[in-house]
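**Student:** Starting off with a structure, shown below.
No value in this document is a laboratory result; all are computed from the given coordinates. Just so you know, these numbers come straight off a predicted model, no measurement behind them. Using ideal geometry, Cβ is built from the backbone for each residue, glycine included, and neighbour counts are taken over all protein chains shown.
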Amino acid sequence: NLLAAQNSGMVKIVFATGNKGKLREAAEILGEGFELLCPADLGIFEDIEETGDTLTENSIIKAKYIYEKTGLNCFADDTGLEVDALDGAPGVHSARYAVEVALRNGDTGLASRADHDFSANINALLSELAKKPGADRKARFRSVVTLIWNGEMHFFEGSFEGRIAESRSGTNGFGYDPVFVPDDCPDKTVAELPESFKNEHSHRAKALKEMAAWLSEAQASAQI
Ligand code: IMP
């Protein structure tokens, strides 16, 4: 695989995600040296169930699923939003926070809704924080990337510090971006900032840049 990638001058790799926002970011962050495929390009459309208790476990589950189906070099990320005033929630449960909060409140109506309902998740987050007036709204995204390269696993991490806004603003990005105000630009949400800002500073940008640096070293040492 490494040889094939070297011959074409491109690193061919599958990003195990169905999230178009993540794919667009990864293509931008990794740049031209990569031929980035997604599961749909390989005829894989099913949702991969994230049953792990940690970001690392979930990113392993997603990367392994694609590797076992395709045998191709691949990577996956799992991301969580940790809010200090909520003792680190939603954390590893960020994709289905609305369902979790609804069930905790005895409301089974939401339980059948799909994970990754961005709008419902933001509503749940704002309403949980509204129960704690005056609380510190400090938060961070954390990403763990699992790379499976020539059958071996490697891990890369990144975090992005900020705080949770009182209400939504902006339309860029996805997920919790409309309520996340980064410390690097403390008067705007990520959804109000240009994509280039997120791709420079974000949790996933940091982890993917580390992965790209590792891959270029691996290629360089394979050429010696
Ligand atoms: P997962 O890594 O796709 O499982 O992400 C968990 C949850 O966090 C999902 O609801 C995502 O929409 C959200 N999420 C992941 N990455 C980001 C991001 O970069 N910005 C905002 N929300 C995100």
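**Student:** Anything in region 153-190 that is of a type in the set (Gly, Ala, Ser) and closer than 29 Å to residue 66 by Cβ? List them, or say none. First the steps, then the outcome.
**Tutor:** Residues of region 153-190 that are of a type in the set (Gly, Ala, Ser), as a first pass: 158-159, 162, 165, 167, 169-170, 173, 175.
158, 159, 173, 175 - these are the residues of region 153-190 that are of a type in the set (Gly, Ala, Ser) and closer than 29 Å to residue 66 by Cβ.
**Student:** Please specify each residue of region 130-152 satisfying the condition of being away from the ligand (no atom under 13 Å from the Cβ) and touching a strand residue (DSSP E or B) at 6+ places or on another chain (Cβ under 6 Å).
**Tutor:** So the first thing to find is which residues in region 130-152 are away from the ligand (no atom under 13 Å from the Cβ), and the list is 130-138, 147-152.
If the condition is that a residue be away from the ligand (no atom under 13 Å from the Cβ) and touching a strand residue (DSSP E or B) at 6+ places or on another chain (Cβ under 6 Å), then 137, 138, 147, 148 are the ones that fit.
**Student:** If only one of 162, 173 is buried (at least 19 other Cβ atoms within 10 Å of the Cβ) and part of a strand (DSSP E or B), which one is it?
**Tutor:** Of 162, 173, the one residue that is buried (at least 19 other Cβ atoms within 10 Å of the Cβ) and part of a strand (DSSP E or B) is 162.
**Student:** Would you tally the residues in region 143-155 being part of a strand (DSSP E or B) and surrounded by fewer than 22 Cβ atoms within 10 Å (Cβ to Cβ)?
**Tutor:** Step one: list which residues in region 143-155 are part of a strand (DSSP E or B), which gives 143-149, 152-155.
Those still in the list that are surrounded by fewer than 22 Cβ atoms within 10 Å (Cβ to Cβ) too: 149, 152-155.
Going through region 143-155 one residue at a time, the tally reaches 5.
**Student:** Kindly provide the set of residues from region 23-46 that are in a helix (DSSP H, G or I), out of contact with any helix residue (DSSP H, G or I) (no Cβ under 9 Å at 6 or more places or on another chain) and within 17 Å of residue 211 (Cα to Cα), ordered by number. Break it down into steps so the answer makes sense when it comes.
**Tutor:** Going through region 23-46, the residues in a helix (DSSP H, G or I) turn out to be 23-30, 39-42.
Subsequent filtering for residues that are out of contact with any helix residue (DSSP H, G or I) (no Cβ under 9 Å at 6 or more places or on another chain) retains 23, 27, 40-41.
Correct list: 23, 27.
**Student:** If a residue must be closer than 18 Å to residue 28 by Cβ, assigned to a loop (DSSP other than H, G, I, E, B) and more than 13 Å from the ligand (Cβ to nearest atom), how many such residues does region 186-209 contain?
**Tutor:** 1
**Student:** In region 48-82, which residue that is within 12 Å of the ligand (Cβ to nearest atom), of a type outside the set (D, E, K, R) and in a strand (DSSP E or B) is surrounded by the fewest Cβ atoms within 10 Å (Cβ to Cβ)?
**Tutor:** Per the stated criteria, the residue is 80.
**Student:** While we're looking at this one, here's another question. Out of everything in region 176-185 that is in a loop (DSSP other than H, G, I, E, B) and within 15 Å of residue 81 (Cα to Cα), what residue ends up being farthest from the ligand (Cβ to nearest atom)?
**Tutor:** If we filter region 176-185 for residues that are in a loop (DSSP other than H, G, I, E, B), which is where we start, we get 176, 183-185.
Right, trim to within 15 Å of residue 81 (Cα to Cα) and you get 176, 183.
Numbers: 176: 4, 183: 15 Å.
Filtering region 176-185 for residues that are in a loop (DSSP other than H, G, I, E, B) and within 15 Å of residue 81 (Cα to Cα), the one farthest from the ligand (Cβ to nearest atom) comes out as 183.
**Student:** Oh, and also: Can you find, within region 90-107, the residue that is nearest to residue 78 (Cα to Cα) among those that are near the ligand (Cβ under 10 Å from one of its atoms) and either of a type outside the set (Phe, Trp, Tyr) or surrounded by fewer than 16 Cβ atoms within 10 Å (Cβ to Cβ) (or both)?
**Tutor:** Filtering region 90-107 for residues near the ligand (Cβ under 10 Å from one of its atoms) gives 90-98.
Okay, now just the ones that are also either of a type outside the set (Phe, Trp, Tyr) or surrounded by fewer than 16 Cβ atoms within 10 Å (Cβ to Cβ) (or both), so 90-96, 98.
Numbers: 90: 13, 91: 10, 92: 8, 93: 10, 94: 10, 95: 10, 96: 13, 98: 18 Å.
Checking each candidate, the answer is 92.
**Student:** Related question: In region 164-174, which residues are within 12 Å of the ligand (Cβ to nearest atom) and over 14 Å from residue 126 (Cβ atoms)?
**Tutor:** 170, 172, 173, 174
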